[in-house]
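Have a look at the structure below before the remarks.
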Amino acid sequence: MLPAWAVGRVVARAFVSGINYSGSGNRENKSLVEDQKLSSIQLNAAACGYSKSFSSAQIFKKYIFGDDSCFIARHRLGDVIGVADGVGGWRAYGVDPSQFAHSLMRTCERLVSEGHFRPESPEAIIAASYSELMENKVPLLGSSTACVVSLFREEKTIYTANLGDSGFLLIRNGNVVHRSEEQTHYFNTPFQLAVAPPMQEGLVLSDSPESAQRTSFSVEEGDIIVVGTDGLFDNMSEGMILEHLKTLKDHKPENIKRTARTLAKTARELSFDPDYMSPFAQQAQEHGIECKGRGYN
């Protein structure tokens, strides 16, 4: 799955007053400006991704890329972005893997937009969204990883929760200063949230939202945050990502979106190169598996 992800830049309010924010829902410009007066910083963000089976004829819903999904949400307390990687194995059972990931992210987005969250607890956003999916009268079957990154404006602090092998990078002055750690049960089998048919409960791999790795750190104006599924990080090293981000000279939404699109396109192209020694292939060799490229099935 290639890759549902978002890139954001922390900016001073003075530079963004009156600018529409991607993912701000139905807020009017007046409300947006009023919210901005409450904080000195915010996160400008854009999202892009491709399915591994992408073609120009495909039409995707907003923030669905193949089996993956993401969200960008905003509230006066903070800005929140997240990604989820739907587990493709469900397709063998007649289940669309994208629906679980998409529903999880849309619920996260709604909770943030309605103010039913605390910016210092992104793991609680994941847990509340997952709980809603579990309580559906008609359960939505499937599973996915989840990574949610929240900017608490008042504290000028990023809080993160990562479950599985999606993740994020925090880049400052051209260097990676924070990177999430993968959570896997064993190679290429990440932690994941799941809703299984009643007859398969206990047999399907499922982890608790509380198992998500949590981190927090202060941010500065100009910091760049890249959030992605494994489709990004399996195909592009930190060095390659940093090279692409050098083209991002400012926080203008159109430039952020252009950079996001270039990164996603590059990751996809590399995934189809059978001779490319990708980060995924290197990890596979460390586990005694000989392969090149991303190794998608």
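Some points to look at:
- Ranked by the mean number of other Cβ atoms within 10 Å of their residues, highest first, the peptides 243-253, 188-198 fall in the order 188-198, 243-253.
- Taking the average, over residues, of other Cβ atoms within 10 Å as the packing measure, peptides 136-142, 96-102, 219-225 rank 96-102, 219-225, 136-142 from highest down.
- Working from label points 7 Å from Cα in the Cα-to-Cβ sense, the L205 to D273 distance is 2.8 nm.
- Charge dipole of the stretch 43-228 about the Cα centre (unit charges at C-beta), most positive-ward option of V149, T215, F191: V149
- Apportionment of accessible area to carbon and sulfur, the stretch 43-228, percent (1.4 Å): 49 percent
- Computed from backbone phi with θ = phi - 60° and the Karplus coefficients 6.51, -1.76 and 1.60, the 3J(HN,Hα) list for the stretch 221-234 is 4, x, 4, 10, 10, 10, 10, x, 7, 5, x, 7, 6, 6 Hz; x is used for glycine and proline.
- Separation in nanometres of the label points that stand 7 Å from Cα toward Cβ, at S131 and S216: 2.0 nm
- Förster radius 41 Å - calculated FRET efficiency between R76 and T262 (Cβ-Cβ, nearest 0.05): 0.80
- Accessible surface computed residue by residue for the stretch 43-228, with neighbouring protein chains in place and a 1.4 Å probe, gives 42 Å² per residue.
- The calculated FRET efficiency for the pair D250 and N175, based on their C-beta separation and a Förster distance of 22 Å, comes to about 0.70.
The values are calculated or read from the model by the stated rules, or taken from the named source; none is laboratory data. In this text the structure is predicted, and so the values were computed from the model without any measurement. With ideal geometry, Cβ positions are generated from the backbone for all residues, glycine too; neighbour counts draw on all protein chains shown. Heavy atoms of the whole protein, side chains included, go into the accessibility calculation; ligands, DNA and RNA do not. Shrake-Rupley method; radii C 1.70, N 1.55, O 1.52, S 1.80 Å.
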